[in-house]
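J.: Handing you this structure, nothing more for now.
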Amino acid sequence: MGFNFDFALSTIPTIIGAIGMTLLATVLSCLGASALGFTFEMIRRGGGATGLTVRFLIDFIRSTPVLAWLYFLYFVLPFYGIRLGAMTVGILGLSLYYSGYLAEVFKAGIDAIPKGQQEAARALSLTRRDTVIFVIAPQMLRNVAAPLGNYLVSILKATPYLAILAVPEMLGRAFDIASETYRYAEPLTVAGILFLALALILAYGVKRIEQRLLGAGRR
Amino acid sequence: MHAQAPPPISAVQSIPHVRIDGLNKWFGALHVLKNIDLSVRAGARIVVCGPSGSGKSTLIRCINGLEPFQKGTIQFEAATLDKDGRDTTKARRQTGMVFQSFNLFPHLTVLANCTLALRRVLLKPAREAEEIAMQHLTAVRIPEKAQAYPAQLSGGQQQRVAIARALCLNPRIMLFDEPTSALDPEMIKEVLDVMIALAGSGVTMVCVTHEMGFAREVAGEIVFMDEGRVVEHASSKDFFSAGAHPRARLFLDTILSH
């Protein structure tokens, strides 16, 4: 029973049908992880007891496996009466997990902004909030474009974890085909190639955005 | 106490814009500002000079609340800065600051650098903010670069934009922290020319600088600092004449001799 090329081709439409779910999970997890990560970093930067707590939380998240987070959210939370859908848990889990890493990325991005920028903003009487929105965040984004893009690709590649929660994304769909037909090589190969293609396209897009960001008004 | 009496001033100018009383600042154990008393009158043009490490930059950074201090007060007309820094926001609104390293926002155009605070702090509508910004960019002779990004400008041009940006908020007092120290020699003149024009327009200025030619031409008063103290506060004329404090004399001889 060698690799059946025709069978492989026949699985493409079914697996590609799940590409929307994969992309949705990627995009929502990215947004969630970025928002959470940035918030965490802002709180950590504020210092004090809250800052210290968040600092611990970030380290805790980064030191635990993403699979543990997904299992925990999906199987343990219902014990406490919190019942969430598979997709919600998946996005929440990936967002939480990657927020810890993105907080570190944002930290580096902010640390790289010269101190004079904050001083100029203060001298111009900008509020702390306006300083973050109009001065710090845009410059930080430019500094973090490359690592942020890498994590975007990482998150794409982490979406198959959601298969354990039966979220119908691409790898999950490939497994469905495999368990129905008892042929694993073909659907898994197709899923692998599709992930590769998506990752390459994403990486290219990220690179283009990075170049554009670097192009305008470089210091 | 070490300072000489300030130069005679007319009644109109006698209202102090800023009065510094007994200002003391420590960086850890290091006592960097020692009992500074200084009045800045409306329309005053004060040059602060002295050897490096004498506390002159720290002094003007205290005036707009960028540096906290531990003792003394800095009084503005409607705000008083003290060790708690409660009025910092109010005090800061009365000052404009020009930094040694320009500190323009690199991701914003020249125009947007100038309009940001107009729109977010003074809440001006976009059109009005742009008009005000263009007036000041014209005053610093760089209106044609409004749409350029800071990185596309020379150091001298960037510093002129920084001056325009600070002027946009219509501060009562302009603070300059070594505005020409980061510039190539051929660009110093264009920045000093703008500052000379500014001085001529009656803006109250406190300027930390080593440009003694500028001080001689523009300053009404010279504050000479050494080791965190105001060693001498005199009219420019007195300062540059033989009557100056020996420590100031030595400083002048050193920097004028090359």
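J.: Since A:TYR204 meets every condition but one in (1) within 14 Å of chain B (Cβ to nearest Cβ); (2) free of Cβ contacts under 8 Å to residues at least 24 places away in the same chain, which condition does it not meet?
T.: (1)
J.: In addition: Answer with yes or no whether B:LEU192 is more than 22 Å from B:PHE105 (Cβ to Cβ) and not hydroxyl-bearing (Ser, Thr, Tyr).
T.: yes
J.: Which numbered condition in (1) at pLDDT 75 or above; (2) crowded, with 16+ Cβ neighbours inside 10 Å is the only one that B:GLY22 fails?
T.: B:GLY22 satisfies all of (1) at pLDDT 75 or above; (2) crowded, with 16+ Cβ neighbours inside 10 Å except (2).
J.: Select from the range B:26-82 the residues that are acidic (Asp, Glu) and without any contact (Cβ under 8 Å) to a residue 60 or more places away in the chain and write down the one among them that is farthest from B:VAL218 (Cα to Cα).
T.: Restricting attention to the range B:26-82, the residues satisfying the condition of being acidic (Asp, Glu) are B:37, B:67, B:77, B:82.
If we keep only those that are without any contact (Cβ under 8 Å) to a residue 60 or more places away in the chain as well, we get B:67, B:82.
Values: B:GLU67: 27, B:ASP82: 31 Å.
Ranking the qualifying residues of the range B:26-82, first place goes to B:ASP82.
J.: Select from the range B:118-128 the residues that are more than 8 Å from every other protein chain (Cβ to nearest Cβ) and either of a type in the set (Ser, Thr, Tyr) or in contact with a helix residue (DSSP H, G or I) (Cβ under 6 Å, 6 or more places away or on another chain) (or both) and list them in ascending order.
T.: First, pick out the residues of the range B:118-128 that are more than 8 Å from every other protein chain (Cβ to nearest Cβ): B:118-119, B:122-128.
Within the range B:118-128, B:LEU118, B:ARG119, B:LYS124 qualify.
J.: Here's another thing I want to ask about it. All but one of (1) touching a residue at least 12 places away in the same chain (Cβ under 8 Å); (2) in a helix (DSSP H, G or I); (3) within 14 Å of another protein chain (Cβ to nearest Cβ) hold for A:ILE113; which doesn't?
T.: (2)
J.: Assuming B:THR115 fulfils every condition listed in (1) of a type in the set (Ser, Thr, Tyr); (2) at the interface with another protein chain (Cβ under 8 Å from one of its Cβ atoms); (3) surrounded by 22 or more Cβ atoms within 10 Å (Cβ to Cβ) apart from one, which condition is it?
T.: Every listed condition holds for B:THR115 apart from (2).
J.: Of everything in the range A:144-199, what is farther than 18 Å from A:LEU9 by Cβ and of a type in the set (Lys, Arg)? Give them in sequence order.
T.: Matches in the range A:144-199: A:LYS157 only.
J.: With A:VAL144, A:VAL105, A:VAL190 as the choices, which residue is away from chain B (no Cβ under 14 Å), under 17 Å from the mean Cα position of the chain (by Cα) and surrounded by 15 or more Cβ atoms within 10 Å (Cβ to Cβ)?
T.: Answer to the selection: A:VAL105.
J.: Can you report the number of residues in the range B:40-60 which are over 24 Å from B:ILE255 (Cα atoms) and either outside any strand (DSSP E or B) or over 14 Å from the mean Cα position of the chain (by Cα) (or both)?
T.: 3
J.: Also: Which residue out of B:ASP184, B:ASP177 is among the charged types (D, E, K, R) and surrounded by 21 or more Cβ atoms within 10 Å (Cβ to Cβ)?
T.: B:ASP177
J.: Touching a residue at least 12 places away in the same chain (Cβ under 8 Å), more than 30 Å from A:LEU196 (Cβ to Cβ), within 14 Å of chain B (Cβ to nearest Cβ) and assigned to a helix (DSSP H, G or I): is that true of A:ALA121 in this structure?
T.: yes
J.: If we scan the range B:190-211, do we find a residue that is over 16 Å from the mean Cα position of the chain (by Cα) and at pLDDT 90 or above?
T.: Among the residues of the range B:190-211, at least one is over 16 Å from the mean Cα position of the chain (by Cα) and at pLDDT 90 or above, which makes the answer yes.
J.: Which residues, taken from the range A:14-47, are among the small types (Gly, Ala, Ser), within 17 Å of A:ASP111 (Cβ to Cβ) and in contact with a helix residue (DSSP H, G or I) (Cβ under 8 Å, 6 or more places away or on another chain)?
T.: Passing the criteria: only A:GLY37.
J.: Could you tell me whether B:GLY72 is away from chain A (no Cβ under 14 Å) and farther than 17 Å from B:THR204 by Cβ? Spell out how you get there, then give the answer.
T.: Numbers: away from chain A (no Cβ under 14 Å): yes; farther than 17 Å from B:THR204 by Cβ: yes.
Answer is yes for this residue.
J.: When you look at B:LEU175, is it of a type in the set (A, V, I, L, M, F, W, C), within 9 Å of chain A (Cβ to nearest Cβ) and not in a loop (DSSP other than H, G, I, E, B), yes or no?
T.: Details: of a type in the set (A, V, I, L, M, F, W, C): yes; within 9 Å of chain A (Cβ to nearest Cβ): yes; not in a loop (DSSP other than H, G, I, E, B): yes.
Yes; evaluated as a whole, the condition is true for this residue.
The values are calculated or read from the model by the stated rules, or taken from the named source; none is laboratory data. Note that this is a predicted model, so its numbers are computed, not measured. Cβ sites come from the backbone with ideal geometry, for glycine too, and all protein chains shown count toward neighbours.
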